[in-house]
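The values are calculated or read from the model by the stated rules, or taken from the named source; none is laboratory data. Source: prediction; values computed, not measured. Neighbour counts run over all protein chains shown; Cβ positions are idealised from the backbone, glycine included.
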Amino acid sequence: MERGEQVVIDTYHTTIHTMGCENEGSRLRYMQKDGRFPVVFQKAPGDWSPYLIDIFTTLVEIRWRVMFLVFFLSYILSWLFFGLCFWLIAYVHGDVSDVDNAPCVDNVRGFTGAFMFSMETQATIGYGFRGMTENCIVAIIVVTVQDVFSCLLDTIIIGIVVAKMACARKRAQTVGFSRCAVVNLRDGNLCLSWRLGDFRGNHILEGVARAMLVRYVKQPLGSIAMSYQDLHIQNRDIVLATPATIIHKVEPGSPLYSLGPDDLLGDDFELVVTFTYTGDSTGMLHQTRTSYTPADIRWGQRFQEMLKQGKRHYKVDYALFNVTTRVPVPLISAEEFHRRGCPVEGRQSRGPRFASSKRIGRTRRVNPDIIEEVMQQTHL
């Protein structure tokens, strides 16, 4: 490969250089790419107490079609209930059988009229044809209770609808991570990095990024235990006005320190990354998360530059958000890389293997002497 030439790989449409693809289909992810957890809770049948105790959160988390069903049923059932109460009052008072009797409610002589009066009262329609009289104190008490109940019901339903519309998960869908993570050289060290971007115009001014390595440990009798290890990342506090690259330096103490590209093929872990931030429009706390398996890690690649400076604005090309470029990177672990010594320090003995570069069907080895230039290109 000649100097100045780059091979660009769009990771959105291709899966080349994907490690562990043959095991990806049978591996159960700890977290889906969209941030959901494939976890099912098994409990005693009929135990609905956790959902009934926090009924407001339960209604906020249900689907919209179920929410609309609850919305319609809550009003219709309340109209039927209070309509039945007014009909019973009219029946006991004799308004149903005696048309000459002074009614408790004007023009309520049957269940249909009682239901219409209940709906008009709770919906504050007030057509003027039916109205409360002073003949029955019980009817006055019932209509007062219905008025108070209608205010409470409206508050709950409107609050739930507003909470669902302003749900944090909706805002989190406009903040995304790159589809893959890459391993390359930065300042003479192997680093694992991934991208983070905000796709809306009202940018997030401040947020905190975190990364955690989750491993599956099989216990006797078929049980599974999860182990969690935090990854130290540079620049944890992020101003997301423009896309940011999250960098984890693979150094002593890192759980990836002893892993090379071949070791990733047989390893079973998941890198869970999160970004917690406060929306500038609503002031609500949001979190965007995703995960990377060994199949999502591209060794020997770096992200394509997508930020350019114009005359009046900074221009961000989100078409390049998931595009990577191949760069020469040693095909050994960071531990072995540090043990042999950094190539830029002039070590001319047997050096590490470097990722090959393909061009027009031919494979060529990259000369280790150009590693210094590559490191300058990948230096941030």
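Assigned by TED's automatic domain parsing to the domain that holds residue 191 and part of a loop (DSSP other than H, G, I, E, B): does that describe residue 251?
Details: assigned by TED's automatic domain parsing to the domain that holds residue 191: yes; part of a loop (DSSP other than H, G, I, E, B): yes.
Taking the combined requirement at face value, the residue satisfies it.
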If I filter the range 272-286 for residues that are in contact (Cβ under 8 Å) with a residue 60 or more places away in the chain, of a type in the set (Gly, Ala, Ser) and over 19 Å from residue 228 (Cα atoms), do I get at least one hit?
yes
Contacts under 6 angstrom Cβ, first residue in the range 127-152 being under 17 Å from residue 91 (Cβ atoms), partner surrounded by fewer than 14 Cβ atoms within 10 Å (Cβ to Cβ) and modelled with pLDDT under 95, 6 or more apart:
130/107; 135/102
Does the range 293-311 include one or more residues that are within 22 Å of the chain's Cα centre (by Cα), surrounded by 18 or more Cβ atoms within 10 Å (Cβ to Cβ) and part of a strand (DSSP E or B)?
yes
Kindly indicate whether any position in the range 41-59 is at pLDDT 80 or above, not polar (S, T, N, Q) and not in a loop (DSSP other than H, G, I, E, B).
yes
Name the helices (runs of 4 or more DSSP H) wholly within the range 76-178 that hold at least 3 residues that are in the same structural domain as residue 246 (by TED's automatic domain parsing) and more than 30 Å from residue 33 (Cα to Cα)?
none
Take the residues in the range 245-278 that are small (Gly, Ala, Ser) and crowded, with 19+ Cβ neighbours inside 10 Å; name whichever of them is farthest from residue 183 (Cα to Cα).
254
Conditions first: (1) modelled with pLDDT of 90 or more; (2) closer than 16 Å to residue 86 by Cα; (3) of a type outside the set (Val, Ile, Thr). Residue 154 passes all but one, so which condition is the exception?
(2)
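Can you spot a residue in the range 211-218 that is more than 26 Å from residue 337 (Cα to Cα), in a strand (DSSP E or B) and touching a residue at least 24 places away in the same chain (Cβ under 8 Å)? Can you show your working first?
Going through the range 211-218, the residues more than 26 Å from residue 337 (Cα to Cα) turn out to be 216-218.
With in a strand (DSSP E or B) added as a condition, the list becomes 216-218.
Okay, now just the ones that are also touching a residue at least 24 places away in the same chain (Cβ under 8 Å), so 216.
Within the range 211-218, one or more residues are more than 26 Å from residue 337 (Cα to Cα), in a strand (DSSP E or B) and touching a residue at least 24 places away in the same chain (Cβ under 8 Å).
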